[in-house]
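Comments concern the structure below.
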Amino acid sequence: MLPVVRLDGTAWFVDLRLRQFRETMNPHNYVDFDTVKGTRFCQQAGVVTCLRCGTSVVVSGSPLDEGVCCVRCGWAVDNGR
């Protein structure tokens, strides 16, 4: 089950494997993480990407997310919050 976020008045699936936001009502409409709009969506939704291996994760921005590490390589991920 993919997480869902509401951005710009639309519900989007957060597909970490494909590195895309996919519209829930029309999954063929998507925004890649590495586009200008995708970067803005990532910031709003709390999606961060490991600079070492490229794995993306969703963080909540709570104090518990301080010191988040990549689930693949263990490298510290700066969540920017």
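What follows draws every value from the coordinates through simple rules; no lab data is involved. Fair warning: this is a prediction, and the values are worked out from it, not measured in the lab.
Some points to look at:
- Length added when fully stretched, ASP32-ARG6, from 0.36 nm per residue minus Cα-Cα: 7.8 nm
- Choice from VAL36, VAL58, VAL68 with maximal GNM fluctuation in the chain (Cα, 10 Å cutoff): VAL36
- For segment 51-56, putting each phi into the Karplus relation 6.51 cos²θ - 1.76 cosθ + 1.60 with θ = phi - 60° gives couplings of 6, 7, 10, x, 6, 9 Hz, in residue order, rounded to whole numbers and with x for Gly and Pro.
- With respect to the chain, whose longest principal axis is taken over its alpha-carbon atoms, helix 36-45 is tilted by about 70°.
- Counting only DSSP H runs of at least 4 residues, each contributing -39500 (n - 2.57), and dividing by the residue count of the chain, the helix-based mean residue ellipticity at 222 nm comes to -3500 deg cm²/dmol.
- Remark: segment 15-26, residue by residue, has Karplus-estimated 3J(HN,Hα) of 9, 5, 5, 8, 6, 9, 9, 10, 4, 5, 7, 8 Hz, where x stands for each Gly or Pro and the curve is 6.51 cos²θ - 1.76 cosθ + 1.60 at θ = phi - 60°.
- Along its principal axes, the chain has C-alpha extents of 35, 26, 24 angstrom, given from the largest down.
- The alpha-carbon atoms of segment 1-45 define a convex hull whose volume equals 66 cubic angstrom per residue.
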